[in-house]
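The values are calculated or read from the model by the stated rules, or taken from the named source; none is laboratory data. Owing to the predicted nature of the structure, the values given are computational and were not obtained by experimental measurement. Cβ coordinates were reconstructed from backbone atoms using ideal geometry, including for glycine residues, and neighbour counts include every protein chain displayed.
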Amino acid sequence: MRRHTTFRQLEIFESIARLGSFTRAAEELFLTQPTVSMQMKKLAENVGIPLIEQIGKKIHLTPDGQQLAQATREIFNILSHYTMSVAERQGLKQGQLRLMAITTASYFAPRLLGEFARLHPGIDVSLRVTNKEQVLASIADNLDDLYFVGQPPEDIDVVATPIMDNPIIVLAAPDHPLANKKHISLERIAQEPWLMREKGSGTRNAIERRFAEHDLNIHPRLELGSNEAIKQAILAGLGISALSRHALTLNAPDQFAVLDVKGFPILRHWYAVYPAGRQLTVTARAFLDYLLGREDAAPSMPASQGKAKKGRNPCIARTG
């Protein structure tokens, strides 16, 4: 590899390799797609061999590209450890904090990060909000400091710390016939047209488990890809749904009716997660301590749900 290969080119290449898309890499790095394409052309010229090939509409790494992607991640890990050692010497006066969150966590994650940034103005913070699949891929590749998820991954060894309650409530339009009813049975609510997230969603899994516990099934009238789409469908009178209470953060108190249904709310947690083998940076540890010290922090997990570390409340999920 020639010496005039730049760090920025490697950063762009790593993003493309991880996301599988020039467009998504450009969005993540706040670059134009022509800039990304030009830098990748220069990188391939510097290396002297093809790194990326396009088959149909999909891009794939060549064997040499796969080796460079692995080498690039190793370089970034070395730089991360160096940054961590510098931060340890400087305390929290300087440093970086890289967070990634599933889409639903966008209702609270920016606020928590903003509060921490105000306490430590010298810390350079970043937050990426994306879908569950991309979060899991990033965890597997050990790319960020901490991840906000509603359910720890089942096939990756992680340290999962509950940081906040995440109650799942049943929502309807304010003029829904059940809006003022008390103690609505699961049998009755199962008869309503339901609006659900896509299959594989943690919220959807929790809802279906609750009905299955009572030998009931619900049949979605619509499957929608975001909480905001579900909320709009509820207000349009297309059905009811169950969402995290945090999804109402930006809505007026009387905009939705929270139905009084037996078996709800479903009590869950938000988790801060990182790979089990990762050594947290000083800033990431400080941020995690900050999350656990808030008044609305989640209580410690029961022993049956995880192996607690002394003085903290993380559960270590080892299912990989």
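Side notes on the structure shown:
- Enumeration of residues in the stretch 210-232 that are within 26 Å of the chain's Cα centre (by Cα) and β-branched (Val, Ile, Thr): 230
- Residue list for the stretch 202-245, restricted to those being in contact with a strand residue (DSSP E or B) (Cβ under 7 Å, 6 or more places away or on another chain) and small (Gly, Ala, Ser): 206, 233, 239, 241, 242, 244
- Wholly within the stretch 186-253, strands (runs of 3 or more DSSP E) carrying at least 1 residues that are basic (Lys, Arg) and buried (at least 19 other Cβ atoms within 10 Å of the Cβ): 194-197
- Pick from the stretch 254-286, criterion β-branched (Val, Ile, Thr) and under 29 Å from residue 215 (Cβ atoms), ranking: surrounded by the fewest Cβ atoms within 10 Å (Cβ to Cβ): 258
- Residue that is closer than 24 Å to residue 158 by Cβ, of a type in the set (D, E, K, R), modelled with pLDDT under 95 and out of contact with any Phe, Trp or Tyr (no Cβ under 8 Å at 6 or more places or on another chain), where the choices are 268, 245: 268
- Residue list for the stretch 254-267, filter: over 10 Å from residue 171 (Cβ atoms) and in a loop (DSSP other than H, G, I, E, B): 254, 260, 262, 263, 264, 265, 267
- Taking the stretch 1-23 as the range and being basic (Lys, Arg) and either in contact with a helix residue (DSSP H, G or I) (Cβ under 8 Å, 6 or more places away or on another chain) or at pLDDT 90 or above (or both) as the test, the residues that pass are 2, 8, 18.
- Every listed requirement among (1) touching a Ser or Thr at 6+ places or on another chain (Cβ under 6 Å); (2) outside the structural domain of residue 279 (by TED's automatic domain parsing) is met by residue 154 save one, (2).
- Among the conditions (1) surrounded by fewer than 21 Cβ atoms within 10 Å (Cβ to Cβ); (2) at negative phi; (3) in contact (Cβ under 8 Å) with a residue 24 or more places away in the chain, the only one that residue 159 does not satisfy is (1).
- Restricting the stretch 130-157 to residues that are within 17 Å of residue 113 (Cβ to Cβ) and of a type in the set (Asp, Glu), the residue that is modelled with the highest pLDDT is 145.
- Reported count of residues in the stretch 65-108, each being at pLDDT 80 or above and touching a Gly at 6+ places or on another chain (Cβ under 7 Å), is 2.
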